[in-house]
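The values are calculated or read from the model by the stated rules, or taken from the named source; none is laboratory data. Remember, predicted model here, so these are calculated numbers, not experimental data. Positions of Cβ are generated from backbone atoms using ideal geometry, with glycine treated the same way; all protein chains shown enter the neighbour counts.
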Amino acid sequence: MQSQPSLLSEAQTHQLNGLLNTVDQLTADSISGWHQSLAEEIHSATSRIQGLMVSTSQQDLVGELAKALDTKQQAILSTLAPPLKAVEKLVLSGHLNDAQKIKLLIELGRTYELLTQWEAALDRFDQAFDYIADDPAEKAKVLKSIGGIKSKQRDFREANKQYQASLAIYEELQDFYQVAQLHINIGWDEFQSGNYSETIENYNLALSLAQTTEGAERLVADVSMNLGILATVKGDSNSALSHYEQSVDVYTEIDDERGLSQAYYNMAMLCVDTK
């Protein structure tokens, strides 16, 4: 007997858990003083989200909902829409300060992003940006998130604009991990646009930074794999294989099974292409 596929993906479940933790932190020791109807609605909303996550892990209530991807997505959205709207009322409730509003809006934006609700995600990130005053790190984070969504919408020009604004802030803050990550993102967009010289330029910048930044080993592996993909597209199989092998070495070192599986898959497809 085949098991039913999970209603929520691992990434969606992880993000919803992060959202619940944020709500729990923001309401701890204070919700008793709120208007009773709002307090009850928040409790009900978090319970419904938790219920969906339990259903996902047990896979008892999925049934016919997971027969097709569209049906599955609609089931997720219809189930989550009311509790997420209730959680959003926290922003306007008057019970949170600006820093707390920013944190909650970013979590909501990330949640909508993982649910592929791009416009809803952008709206929450834009709201978060409105509450940010003089915190450059928060500004850079939100700009990067907006750029990521624009990239998924294939609006690469706008994505680049947001990424560049975020990049300027992170460079000033000397947060070289984020600078390297942004160069990877920009390089990937350039690759999808067919601008290979700009792709290589950004990947090389990212690789140089990642190799000299503590804790950036995964970025080194990611860049190496992306360089392998680029070399594959350009027909340079020897260079592609070398880059893939470099990524395998680093992914193995940091025990990243997901990265390894992708690298091995790319190497296998390269073998197929070169017979």
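Among the residues making up the range 88-119, those that are at pLDDT 80 or above, surrounded by 20 or more Cβ atoms within 10 Å (Cβ to Cβ) and hydrophobic (A, V, I, L, M, F, W, C) are LEU90, ILE102, LEU104, LEU105, ILE106, LEU108.
Taken together, the residues in the range 222-247 that are more than 15 Å from GLY187 (Cα to Cα), buried (at least 18 other Cβ atoms within 10 Å of the Cβ) and of a type outside the set (Ser, Thr, Tyr) amount to 4. When GLN192 is tested against (1) crowded, with 19+ Cβ neighbours inside 10 Å; (2) within 23 Å of SER166 (Cβ to Cβ); (3) not basic (Lys, Arg), only condition (1) is not met.
In the range 247-275, the qualifying residues are those that are under 23 Å from the mean Cα position of the chain (by Cα) and outside any helix (DSSP H, G or I), and the one that is nearest to VAL233 (Cα to Cα) is ASP256.
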